[in-house]
Amino acid sequence: MLYLNQVEKVYSNGSNRIEALQEISLKISPHTFLAIQGKSGSGKTTLLNILGCLDRPESGAYQIDGEDTSLKSDNGLAALRNKKFGFVFQSFNLMPRFNALENVIIPFIYSPNPPGRPKEATQQMLNKVGLSDRTKHLPGELSGGQQQRVAIARALVNNPDVILADEPTGALDNQTSQEILDILAELNSDGKTVIIVTHEKDIAQQCPYVLTLSDGRAIDLKKPGNENLSNGGVNVL
């Protein structure tokens, strides 16, 4: 369970004060598939960064499975982040001189409990995203969609509970975007909580839950008619 209670985030730029998030109260149950949408500057990425413990709220509380994140040191927060979350970004963030296998294996370097055979675990993740024949290819030798698949495999190697994806289809064509969304939906069916930020309405509308932000506030939540779906749930409080 991810639980935000009256979370706010403020950025200061000289005399300017930007309220990126205002009074966000939200419960996200396990196994949920949630899209966060809104115009540029609405607070989407800021909210995702707080959910993933990449940033701390200015005020309010954020709990992960009942743990208050404000009580954790930076190292404690990093350990929780590494254990709980996998991240996927629009720009892929792959190391250009590393091949696909080497890029995916990187999280094991920072893991306190890496598997006994990390290359085998990495190969399994690449197989899962349909890249079993691209393990030795450098990012520059892969298409945009293939690079994003490598990024998804990298997000999965530590077996996180939650996948956080910031505009994962933003740099891709329509067909490839759909393929990436299908992979994320399959991960959700396998039990992962998946939360994506997107400005593409056609992508958001395929997600079971869609949270809309405007000027840092949660203004709308669309969800299925059946509140008891097995893929979790979202509540704006």
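Just so it is clear, none of the values below were taken in a lab; they were calculated from the coordinates. All values derive from a computational prediction rather than experimental measurement. Cβ: placed from backbone, ideal geometry, glycine included. Neighbour counts: every protein chain shown.
Summary of computed values
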quantity: Set of the stretch 143-175 residues, backbone N closer than 11 Å to the point 7 Å along the Cα-Cβ line of residue 124; calculated: 157-159
quantity: Relative contact order, percent, the stretch 2-236 [alpha-carbon distance under 8 Å, six or more residues apart]; calculated: 31 percent
quantity: Ranked by how many other beta carbons lie within 10 Å on average, peptides 26-34, 11-19 from highest; calculated: 26-34, 11-19
quantity: Expected 222 nm ellipticity per residue - DSSP helices of 4 or more, -39500 (n - 2.57), all of the chain, to 500; calculated: -9000 deg cm²/dmol
quantity: The chain - Rg (one decimal) and Dmax (whole number), Cα, Å; calculated: 17.6, 54
quantity: Lys/Arg +1, Asp/Glu -1 at C-beta; the stretch 6-61 dipole; positive extreme among 57, 38, 6; calculated: 38
quantity: Distance (nanometres) between label positions extended 7 Å along Cα→Cβ at residue 186 and residue 159; calculated: 2.0 nm
quantity: Electrostatic dipole magnitude of the chain [Cβ: Lys, Arg +1; Asp, Glu -1; Cα centre; debye, to 20]; calculated: 400 debye
